[in-house]
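S.K.: I am attaching a structure below and will ask some questions about it afterwards.
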Amino acid sequence: MKNNEVKETPHIKPNGAEIAETILLPGDPLRAKFIAENFLENPVLFNEVRGMLGYTGEYKGKKVSVMGTGMGSPSMAIYSWELINIFGVKNLIRIGSCGAMQTDIKLYDIILAMGAATNSNFAHQYNLPGQFPITASFDLLEKAKKVADEKNYKVHVGNVLCSDVFYNADETATKKWAEMGILAEEMETTSLYLNAASAGAKALTILTVSDHMITHEQTTQEERQTSFTKMMEIALDLV
C-alpha cells in the first residue's frame, strides 16, 4: 500500500511495514502468529499494539497479511474499519471458531458463512429505512467453495448466528435459531460484513467447528490455535 509508513491508528502501528490488500483475520492473535510462522514466506511483524499481532508475508508468491482481531463484533469492527478505510485493505477473510447448531455438523467441520443472523444493533448507525441483509462477498464465497472442493474438504455453506452474547441467560435461544436453519454461532461476522459493505470491500467468514451446542462436545484451546489448518489453507488460496 502506498505511503503505508506514514499511516497509523491508535490500534494499528505498522512502523513502515506493508499491509497487503488481502488479509486473514483470526480472532486469536496467536493463531495469526501460527499462520505467519507456518504458512508465510518472509513474514514481517506489522503490528503488536495491545498484543494484537499482525504479519505480512508471501504465499505462493503473492502478498498476504494476517492479524488477530480479538473477540466480539465491537473488536472486529475497530480493526476491520481501520484496515479498510485507513490502510486500504480490499479483501478481509475471517478465519475463526464456532459452535455448531445442527446435528449433522461435527467437530472440525468447516462452515462458509453465506449470511449472518444477528442480535447486534451494529447496523443502526447507517440509519437505513429497513433491515439490511448481512451477507458475504459472493466472489470470495464462490472461490472458497471451489478451493474446498478441489482439496476434497467437505464444507457447509449457509447462515450463521453472529451473537453479542456468549453466556446466554435465555436457554431456549439455541433451539430457536437452530429451527431457522442456522448452522453455527460465532461473534464477529456482523461488523465485518457491514463494514465491508459500507466501504465497497469484500469479506468472507470461514469457520471451523470448535464445539457443539447440541452435543456439548468441544476442542481444546491449543487445538483452536494450531490445528484448524484446513480453513487456513482455503483462505490463503483466495489470495
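The values are calculated or read from the model by the stated rules, or taken from the named source; none is laboratory data. Quick caveat, the model's predicted, so the values are computed rather than measured. A quick note on method: Cβ atoms are made from the backbone with ideal geometry, for glycine too, and the neighbour counts reach across all protein chains shown. These accessible areas exclude ligands, DNA and RNA; they are computed on the full protein's heavy atoms, side chains included. Shrake-Rupley method; radii C 1.70, N 1.55, O 1.52, S 1.80 Å.
S.K.: Sort out which residues of the stretch 17-32 are within 21 Å of Lys202 (Cβ to Cβ), open to solvent by 40 Å² or more (accessible area, probe 1.4 Å) and either among the polar types (S, T, N, Q) or within 16 Å of the chain's Cα centre (by Cα) (or both), and write them in order of number.
M.R.: Looking only at the stretch 17-32, we keep the residues that are within 21 Å of Lys202 (Cβ to Cβ), and these are 18-27, 32.
In the following step, the residues that additionally are open to solvent by 40 Å² or more (accessible area, probe 1.4 Å) were identified as 18, 21.
Correct list: Glu21 only.
S.K.: Any chance the stretch 50-66 includes a residue that's at positive phi and either of a type in the set (Phe, Trp, Tyr) or open to solvent by 70 Å² or more (accessible area, probe 1.4 Å) (or both)?
M.R.: Kept after step one, since they are at positive phi, are these residues of the stretch 50-66: 50-51, 60-61.
Of the ones still in play, those that are also either of a type in the set (Phe, Trp, Tyr) or open to solvent by 70 Å² or more (accessible area, probe 1.4 Å) (or both) are 50, 60.
Yes, there is a match, as at least one residue in the stretch 50-66 is at positive phi and either of a type in the set (Phe, Trp, Tyr) or open to solvent by 70 Å² or more (accessible area, probe 1.4 Å) (or both).
S.K.: On the given criteria, is Glu217 in contact (Cβ under 8 Å) with a residue 60 or more places away in the chain and open to solvent by 70 Å² or more (accessible area, probe 1.4 Å)? Even if it seems obvious, please write down each step before you answer.
M.R.: On the way: in contact (Cβ under 8 Å) with a residue 60 or more places away in the chain: yes; open to solvent by 70 Å² or more (accessible area, probe 1.4 Å): yes.
Yes: the conditions hold for Glu217.
S.K.: Additional query: Filter the stretch 143-180 down to residues that are within 16 Å of the chain's Cα centre (by Cα) and acidic (Asp, Glu), then give me how many there are.
M.R.: 1
S.K.: Here's something else I'd like to know. Residue pairs, Cβ under 8 Å, 6 or more apart or interchain, first in the stretch 127-155 and free of Cβ contacts under 8 Å to residues at least 40 places away in the same chain and within 14 Å of Ala197 (Cα to Cα), second in a strand (DSSP E or B) and not acidic (Asp, Glu). List them.
M.R.: From the stretch 127-155, the pairs are Pro133/Gly115.
S.K.: Follow-up question, since we're still on this one. Go through the stretch 122-220 and tell me which strands (runs of 3 or more DSSP E), entirely inside it, have 3 or more residues that are among the hydroxyl-bearing types (Ser, Thr, Tyr).
M.R.: Values: elements: 155-162, 184-186, 202-212.
In the stretch 122-220, the matching strands (runs of 3 or more DSSP E) lie at 202-212.
S.K.: For the stretch 115-142, how many residues meet the condition of being within 17 Å of the chain's Cα centre (by Cα) and either open to solvent by 80 Å² or more (accessible area, probe 1.4 Å) or closer than 18 Å to Gly96 by Cα (or both)?
M.R.: 12
S.K.: Filter the stretch 182-200 down to residues that are open to solvent by 20 Å² or more (accessible area, probe 1.4 Å) and touching a residue at least 24 places away in the same chain (Cβ under 8 Å), then give me how many there are.
M.R.: First, pick out the residues of the stretch 182-200 that are open to solvent by 20 Å² or more (accessible area, probe 1.4 Å): 183, 185, 187, 197-200.
Narrowing further to those that are touching a residue at least 24 places away in the same chain (Cβ under 8 Å): 183, 185, 187, 197-199.
Within the stretch 182-200, residues that are open to solvent by 20 Å² or more (accessible area, probe 1.4 Å) and touching a residue at least 24 places away in the same chain (Cβ under 8 Å) number 6.
S.K.: May I ask you to verify whether Leu112 is farther than 26 Å from Leu236 by Cβ, open to solvent by less than 20 Å² (accessible area, probe 1.4 Å) and under 16 Å from the mean Cα position of the chain (by Cα)? Full working, then the answer.
M.R.: Numbers: farther than 26 Å from Leu236 by Cβ: no; open to solvent by less than 20 Å² (accessible area, probe 1.4 Å): yes; under 16 Å from the mean Cα position of the chain (by Cα): yes.
No, not satisfied.
S.K.: Specify which of the listed residues (Ile84, Ile35) is open to solvent by less than 10 Å² (accessible area, probe 1.4 Å), part of a helix (DSSP H, G or I) and in contact with a helix residue (DSSP H, G or I) (Cβ under 7 Å, 6 or more places away or on another chain).
M.R.: Numbers: Ile84 fails: open to solvent by less than 10 Å² (accessible area, probe 1.4 Å).
After ruling out the rest, the residue left standing is Ile35.
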